[in-house]
Amino acid sequence: MSLDFTGCENCRDAAEAHKLVTGTIPLTGALGDKLGNDHVLEPAEVVPYLKKELHWRIQGHDNRVIERADMPSLKVSVAHIKVAIPTSLGEFPEWSTGEKAPEVTTGRAGGATEND
């Protein structure tokens, strides 16, 4: 694949060196909006919803959509991670280790599997 899709030299260097690049997009707010803020967002409720409703795309810096099949290294995954909100500004949130939900993305272009 051509790396011309990005103007980011660091991104091109990382791709050429086969470095793992990760990012996180919290879904809590969107799930609360869709399911109602009174819901406890547990995997038993959220996973079936995400299997049906979660969609993703790759978009270049020029807003051009890049087909997922054209970027086989992309692996989108979903995890449920509990976060304890601090009680004061001097504290940091505490994150649990998390629970993967590979059934949300397995079998879909760009989706991670249980082995990824």
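What follows draws every value from the coordinates through simple rules; no lab data is involved. On a predicted model such as this, the values are computed, not experimentally measured, just so you know. Glycine also receives a Cβ, built like all others from the backbone with ideal geometry; neighbour counts cover every protein chain displayed.
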Legend entry - For the range 100-116, Karplus couplings with θ = phi - 60° (6.51, -1.76, 1.60), whole Hz, Gly/Pro x: 6, 10, x, 5, 6, 10, 4, x, 10, 4, x, x, 6, 10, 4, 8, 8
Inset, instruction - Arrange the peptides 104-110, 82-88, 71-77 so that the one whose residues have, on average, the most other Cβ atoms within 10 Å appears first. - result: 104-110, 71-77, 82-88
Legend entry - Point-charge dipole on Cβ atoms (K/R +1, D/E -1) for the chain, about Cα centre, debye to 20: 240
Inset, instruction - Work out how much length CYS11 to SER73 would gain on full extension: take 0.36 nm times their residue separation and subtract the Cα-Cα distance, in nm to one decimal. - result: 21.0 nm
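Largest first and in whole Å, give the semi-axes of the chain's equivalent ellipsoid, each being the square root of 5 times a Cα gyration tensor eigenvalue. Each step should come with its number before you reach the end.
Details: eigenvalues 172, 74, 41 Å².
Listed largest to smallest, the semi-axes of the chain are 29, 19, 14 Å.
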Inset, instruction - Could you list the GluC sites (Glu not before Pro) in the range 50-92 that lie in coil according to DSSP, counting only those with at most 13 other Cβ atoms within 10 Å of their Cβ? - result: GLU67, GLU91
Legend entry - Full-stretch length increase - VAL40, HIS61 - with 0.36 nm per residue and alpha-carbon distance subtracted: 3.9 nm
